[in-house]
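I have placed the structure first, in the form of structure tokens, so that the comments after it can refer back to it.
The values are calculated or read from the model by the stated rules, or taken from the named source; none is laboratory data. These numbers were taken from a predicted model, which means no experiment stands behind them. Note: ideal-geometry Cβ built from the backbone for every residue, glycine included; neighbour counts use all protein chains shown.
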Amino acid sequence: MPYNVTIEMDLALWGVARRAEPYRAMLLSTPPPDLAAAQLAGELPDFGMDAFLRAYGVRSAAEIDVGVARWAEDPAPVFAALANCLRVADPEQAPDRRFERAAERAEAMAAELTGRARREQALRGRLAGFFLRRSRELSGLREAGKFAGLYALRDRRRRLLLIGAQLHARGLLTAADDVMFLDLPELRTVAETGADLRATVAARRTEYERELRRRIVPVALLSDGTDVETLLPAPPSDSRTLTGMGAASGRVTGRARVVLDPSGATLEPGDILVAPTTDPGWTPLFLTAGGLVTETGAVMAHGPTVAREYGIPAVICVPAATERIRDGQLITVDGATGTVTLDS
């Protein structure tokens, strides 16, 4: 679909990778955090990363959390995805070619459906053609609203960090980003009265870091704490077949790459991304992925939408996928049946 800012972002990163080919050895041998530090210090050659971060540096994984660093602050995840792009050797598997093929198939199908309708009735054909064109032209815009909202979140984060730096200088916070663990009334109290809430911040940071290690987050909880999914009948499955919901058609067999945090993930071309969930900050990994498996999600969510654009088979809502699938295990993803078959 045209006008999809997330697809445009991913293709822009692919363009950066093409320009970075002369520096391929350096980019593949240097850890992403070191490359990020060099980028922020202005020590890397100009191969388009500066322009990319100016355009898309407001993004990140979990980007609607104002406490999470943006790519402009920490571009390590971008360099990890860039390294994945540099490993693509088959020109026909290049993301821009895959996108072009998908667009050609979509246009051909729209023309075929319009022709079918026209053969039944001329007016019906004109209406079908109009609505199919409008659907293709406008559906990609669903990503634009969230992307625009990220600028406001970025500005709020900047203001909060400035306040945090001032309070840190006054000895009221241990670090500037401790400000993210205070609500606004508490922050106002600290700023105006000098109240010492460092113990509160430390306790909340400890709890936050502990929760980050949680492998499974319930989709919904009842008021008494019951996990709703435990009340639902288990989908039919055997020791080799996991059942979920098909979200992008196709069938692919490849090596599973279980990723809990996209910041330093390495995907060889054709690897199948297995993750708890995805959002736009994960989609640069799709540039080299051969398939997608997630534990949560929805058919019209960001991950499956982008997977369909690139023709990547996807199965979502697979319970405990990141635990039941071993990293490096050979699996088959069938987006039509919504199943994942494990190699024995």
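Here are some notes:
- Test: residue in region 51-69 that is more than 19 Å from the chain's Cα centre (by Cα), assigned to a helix (DSSP H, G or I) and not basic (Lys, Arg): yes
- Qualifying residues in region 107-120 (those that are surrounded by fewer than 16 Cβ atoms within 10 Å (Cβ to Cβ) and among the hydrophobic types (A, V, I, L, M, F, W, C)) - the one farthest from residue 287 (Cα to Cα): 113
- Checklist (1) at pLDDT below 85; (2) within 21 Å of residue 341 (Cα to Cα); (3) among the acidic types (Asp, Glu) applied to residue 271, failing item: (1)
- Of the residues contained in region 86-94, none is found to be within 20 Å of the chain's Cα centre (by Cα), on the phi > 0 side of the Ramachandran plot and not in a helix (DSSP H, G or I).
- Only listed residue being surrounded by 12 or more Cβ atoms within 10 Å (Cβ to Cβ), assigned to a loop (DSSP other than H, G, I, E, B), on the phi < 0 side of the Ramachandran plot and outside the structural domain of residue 1 (by TED's automatic domain parsing), chosen from 189, 200, 174: 174
- Figure legend. Inter-residue proximity from region 49-77: first residues more than 27 Å from residue 21 (Cβ to Cβ) and free of Cβ contacts under 8 Å to residues at least 24 places away in the same chain, second residues buried (at least 19 other Cβ atoms within 10 Å of the Cβ) and not β-branched (Val, Ile, Thr), beta-carbon distance below 6 Å, spacing 6+ or different chains. Indicated pairs: 68/60.
- When the strands (runs of 3 or more DSSP E) confined to region 267-344 are screened for residues that are farther than 20 Å from residue 92 by Cα, more than 16 Å from the chain's Cα centre (by Cα) and not hydrophobic (A, V, I, L, M, F, W, C), none reaches at least 3 such residues.
- Residue 214 being loosely packed, with under 13 Cβ neighbours inside 10 Å and either touching a residue at least 40 places away in the same chain (Cβ under 8 Å) or part of a loop (DSSP other than H, G, I, E, B) (or both): yes
- Flag for residue 123 being of a type in the set (A, V, I, L, M) and surrounded by 11 or more Cβ atoms within 10 Å (Cβ to Cβ): no
- Residue count, region 104-135 (criterion: closer than 17 Å to residue 1 by Cβ and aliphatic (A, V, I, L, M)): 7
- Residue check for residue 91: surrounded by 18 or more Cβ atoms within 10 Å (Cβ to Cβ) and not hydrophobic (A, V, I, L, M, F, W, C): no
- Breaking point among (1) touching a Gly at 6+ places or on another chain (Cβ under 8 Å); (2) surrounded by fewer than 17 Cβ atoms within 10 Å (Cβ to Cβ), for residue 133: (1)
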